[in-house]
Amino acid sequence: VTSPCKILKCNSEFWAATSGSHHLGTEEAPEFCTALRAYAHCTRRTARTCRGDLAYHSAVHGIDDLMVQHNCSKDGPTSQPRLRTLPPGDSQERSDSPEICHYEKSFHKHSAAPNYTHCGLFGDPHLRTFTDTFQTCKVQGAWPLIDNNYLNVQVTNTPVLPGSTATATSKLTIIFKSFQECVDQKVYQAEMDELPAAFADGSKNGGDKHGANSLKITEKVSGQHIEIQAKYIGTTIVVRQVGRYLTFAVRMPEEVVNAVEDRDSQGLYLCLRGCPLNQQIDFQTIRSAQATEGRARRKGPSMPAPPEAFTYETATAKCREKLPVEDLYFQSCVFDLLTTGDVNFMLAAYYAFEDVKMLHSNKDKLHLYERTQNLAPGNMAPSGTAPTLWVALLCLSQCWLWLL
């Protein structure tokens with residue numbers, strides 16, 4: 001369900017109207033004030049539905065501060081003129097940023113290069129952890145994806161269809177914690193149909209500190225694909241909206257991944273620990289119980305049908321268009337088409353693998369061919385085990401179709 005609070009839309013509109021405005025001369029201050037009043041008007045319109053939203057309260061306080069700084073009157077026009085953007089080649093990077101604000105540069109030449117890891121979440125949802133474990137999970141509601149000393153990532157998963165156990169990511173919140181002289185605390189929020197190209201306070205970098213540009217947001221495709229570079233912790237985050245739902249992918253040094261106060265007593269952290277056993281879809285159990293569960297579900301109340309019915313053969317053919325290698329991304333694609341009927345889940349699997357190719361440091365581990373829950377971290381089962389999973393996938397999919 002989409003949140004009625006539209007503060008992200010207000011933030012995005014203000015940033016679009018004032019892009020590059022901190023470089024403008026005083027003669028354009030009235031236009032900045034006009035955009036600021038429009039921003040304030042937008043927040044007032046959504047005030048009733050945003051009472052408990054931290055991003056909303058941050059925006060309201062930020063507007064008041066900017067009004068004072070720029071001597072803006074609260075009365076006046078509220079149209080949103082598009083202000084001048086930075087001229088080509090005008091970089092905001094500071095060449096004198098502290099070395100500590102660039103993770104890779106902070107390593108001495110004689111030190112070993114950092115090891116990078118990858119985590120991704122997409123589709124129904126499917127999780128690839130930092131140890132290359134691949135799981136399909138239920139995890140309905142809000143769950144912590146990353147929780148370490150530098151940032152927190154939380155996802156909210158909602159049912160794809162009424163009454164269905166199939167879920168997908170509808171909201172994402174990323175909190176970058178304040179770090180030395182590099183960045184102020186920044187919050188990024190995205191949800192269905194709103195993928196902003198700015199932080200919740202309307203900024204696109206780490207704030208007013210000396211190394212602020214070691215944290216930056218870049219919009220790759222408007223409303224569909226953003227990338228966040230956090231150079232001070234050597235981290236790259238990719239967020240996409242595919243269809244109605246969100247995908248998440250991250251590249252992060254092992255040192256940052258494991259930077260937690262007390263790893264043994266820490267709670268859930270899906271990218272590191274994986275989904276709880278009671279939230280995982282166990283193909284082996286489903287396969288053995290398929291006959292009895294299938295009959296029971298067929299006798300149950302009927303549920304709304306998916307928007308498009310895929311058979312095993314048509315789902316396989318559709319997924320092969322984008323994913324020619326029959327690995328777990330391909331199998332996840334087939335699984336999602338059978339359980340949701342939404343072709344956008346094929347694109348989610350495709351883009352998830354494209355992000356792996358860009359972010360994973362070990363090119364020999366791009367493809368996974370079997371669930372790795374019971375294997376040593378980072379190991380993969382031989383590809384010959386894949387047909388067993390195919391049978392289990394089909395059994396599970398058919399059970400879910402009967403339920404639907």
**Study point:** Per-q log10 I(q)/I(0), the stretch 103-276, q = 0.11, 0.16, 0.17, 0.19 Å⁻¹ (Debye; single scatterer per alpha-carbon; no solvent)
**Key:** -0.46, -0.96, -1.08, -1.31
Review point. Can you pull the percent of the stretch 103-276's accessible area that's carbon plus sulfur, 1.4 Å probe, other chains left in place?
Key: 45
Check your understanding: If ligands, DNA and RNA are left out, what is the accessible area of Thr218 with a 1.4 Å probe, given in Å² to the nearest 10?
Key -> 60
Exercise for review: About the Cα centre of the stretch 103-276, how large is the charge dipole given +1 on each Lys and Arg Cβ and -1 on each Asp and Glu Cβ? Please answer in debye to the nearest 20.
Suggested key: 320
Review point. How about Lys216: which lysines have a C-alpha closer than 16 Å to its C-alpha, ignoring those fewer than 8 places off in the same chain?
Key: Lys177, Lys186, Lys204, Lys231
**Study point:** Surface accessible to a 1.4 Å probe, per residue, for the residues of the stretch 103-276, Å²
**Key:** 36
Review point. Within the stretch 105-164, which trypsin sites (Lys or Arg not before Pro) sit in a loop by DSSP and count at most 11 neighbouring Cβ atoms inside 10 Å?
Key: Lys109
Check your understanding: Counting only protein chains, not ligands or nucleic acids, how are Arg244, Arg51, Arg37 ordered by accessible area (probe 1.4 Å), most first?
Key -> Arg51, Arg244, Arg37
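The values are calculated or read from the model by the stated rules, or taken from the named source; none is laboratory data. Keep in mind it's a predicted model, so treat the numbers as computed, not measured. Ideal geometry is used to build each Cβ from the backbone, glycine not excepted, and the neighbour counts take in all protein chains shown. When the accessible area is computed, the model is the full protein with side chains, heavy atoms only, and any ligands, DNA or RNA have been set aside. Shrake-Rupley method; radii C 1.70, N 1.55, O 1.52, S 1.80 Å.
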